[in-house]
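The values are calculated or read from the model by the stated rules, or taken from the named source; none is laboratory data. Keep in mind that what you see is a predicted model, and the values were worked out from it rather than measured. Don't worry about glycine lacking a Cβ; one is built from the backbone with ideal geometry, like all the others, and counts go over all protein chains shown.
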């Protein structure tokens, strides 16, 4: 079994998702079955194969390097759950 | 009233047989009658009427002037909220317009509403939405069927004739599979043809916008309208967009179709193998050469996809942290607690599952074994297609391994659910254009779909083969 209680807690922490005990149990089961299933990729010989990260066959054009001033802080803050004097507001970080 | 096509409607508007107002009021009426299907996350009649008012004052000629279009609720729209079917974006009102929807607005189309989808496009049945299931319009009473997913709302909107076209996005089959389930046409173009700007990101190396319509001609008109280069999407392709509709040619004489043997999968229902054979026979009669081809890494496409897509999703969805937009939990005694509770309460089960899987395969010590390995297999899958396309002009396969299944049937077993995408995922990994068209029925009289795949940026060939098959089927 690849995923145990410790591992799921670690991944959940890295993902910043709080899990309760019941959820942890369920995800341990799900993740293990998915990881067992993807294991079949080990049958494939990938020696000297370049990993493919961009599938586009077109040559991606560069854009001109010009700066643009789009003073849009109000727009950016419009959907913020909490804001204060032109900033996003979050719970106190430093005591 | 029989369903009118987009092309016919444009002619009727042009000849003043019908006005923009009459046309759209007809659609509004049907949308209200079909509320029980839960097709729309956002529908506001006033908003539609306002668009009609504005267009009536507008004297310019526009290609889609007055045409009612439904928008998958993954595209940011200024005039309507955008939720991605997630609680975490429940009250999100974009301050900008996606590239694709802007193009449609520029052409004068009318947005009738935002359609339901699987949360963040993760699913194959439109049953992971925070806003409830969409019901397939082809369902019999008391036997609700899934519309497919993730773009199930858009496919259902076209099938129920609530619009003349709809936008979708396809990451592993999210346009083609619901098109097949709902008996409509759905095309996912080549990766890079339509800008991803303003589409809530799921897996950026796979996500691609496309359209649903009643028929192939309409799809060719709509796709041309939403395609094009955009410098705000770094993978947007600078290619010429042909006039797909004008160039439609159903004469396939002398072309070669590839039939991949690996798509004959054990356990595929007889009816699906049958429509596949039927389609091949039709093509043969039209003078198309039949070429048996091999795509040897096909069986590894799904596991490859279910490493790459969650990995990219875990990274893309990190932005939903309760700070910049969207939902924030009330239990926030510290910054970390705010993140963890916001994401725990804001995301649904399938989305969390994929974030966790993605985080795991990208985490220290596992990156090479999973993510890098999957990217290498992805290369082999893409190479398979490149080789095959040296011998054929297009490829024909079934779209999905089943017809529409009962709502919620496959919810408990993630891998069983993932198998829905077995025929659509390989082309997604290779970035190829693919269309699904209705072709035949199963024993319960539910539609089945045939998928046509083409070379990169050869949407024209895909449309030509599709229109040819469609015309011989009708």
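Condition (residue is out of contact with any strand residue (DSSP E or B) (no Cβ under 9 Å at 6 or more places or on another chain) and crowded, with 24+ Cβ neighbours inside 10 Å) applied to the stretch B:59-78: is it met by at least one residue?
No, there is no match, as no residue in the stretch B:59-78 is out of contact with any strand residue (DSSP E or B) (no Cβ under 9 Å at 6 or more places or on another chain) and crowded, with 24+ Cβ neighbours inside 10 Å.
List pairs: first residue in the stretch B:264-289 and in contact (Cβ under 8 Å) with a residue 24 or more places away in the chain, second residue in a helix (DSSP H, G or I) and surrounded by 14 or more Cβ atoms within 10 Å (Cβ to Cβ) anywhere in the structure, Cβ distance under 7 angstrom, at least six positions apart or on different chains.
What qualifies is B:279/B:469; B:282/B:469; B:282/B:472; B:286/B:468.
Take residue A:9 and decide whether it is more than 7 Å from chain B (Cβ to nearest Cβ) and either closer than 21 Å to residue B:360 by Cα or in a helix (DSSP H, G or I) (or both).
yes
Select, from B:376, B:352, the only residue that is modelled with pLDDT of 95 or more, within 30 Å of residue B:295 (Cβ to Cβ) and either crowded, with 21+ Cβ neighbours inside 10 Å or at the interface with chain A (Cβ under 7 Å from one of its Cβ atoms) (or both).
Checking each option against the conditions leaves just B:376.
Out of curiosity, is residue B:322 on the phi > 0 side of the Ramachandran plot, within 11 Å of another protein chain (Cβ to nearest Cβ) and in contact (Cβ under 8 Å) with a residue 12 or more places away in the chain?
Judged against the criteria, residue B:322 is a match.
Among the listed residues B:112, B:100, which satisfies the condition of being touching a helix residue (DSSP H, G or I) at 6+ places or on another chain (Cβ under 7 Å) and either under 23 Å from residue B:206 (Cα atoms) or part of a loop (DSSP other than H, G, I, E, B) (or both)?
B:100
I'd like the full set of residues that are assigned to a loop (DSSP other than H, G, I, E, B) and in contact with a strand residue (DSSP E or B) (Cβ under 7 Å, 6 or more places away or on another chain), limited to the stretch B:219-254.
Once the filter is applied, which keeps residues that are assigned to a loop (DSSP other than H, G, I, E, B) and in contact with a strand residue (DSSP E or B) (Cβ under 7 Å, 6 or more places away or on another chain), the stretch B:219-254 yields B:227, B:241.
Out of everything in the stretch B:386-428 that is over 24 Å from residue B:274 (Cα atoms) and touching a strand residue (DSSP E or B) at 6+ places or on another chain (Cβ under 8 Å), what residue ends up being farthest from the other protein chains (Cβ to nearest Cβ)?
B:407
Does residue B:364 satisfy the criteria of being in contact with a helix residue (DSSP H, G or I) (Cβ under 8 Å, 6 or more places away or on another chain) and either in a loop (DSSP other than H, G, I, E, B) or within 7 Å of chain A (Cβ to nearest Cβ) (or both)?
No; evaluated as a whole, the condition is false for this residue.
Do you know which of the residues in the stretch B:282-330 that are touching a strand residue (DSSP E or B) at 6+ places or on another chain (Cβ under 8 Å) and in a helix (DSSP H, G or I) is surrounded by the fewest Cβ atoms within 10 Å (Cβ to Cβ)?
In this case the residue turns out to be B:284.
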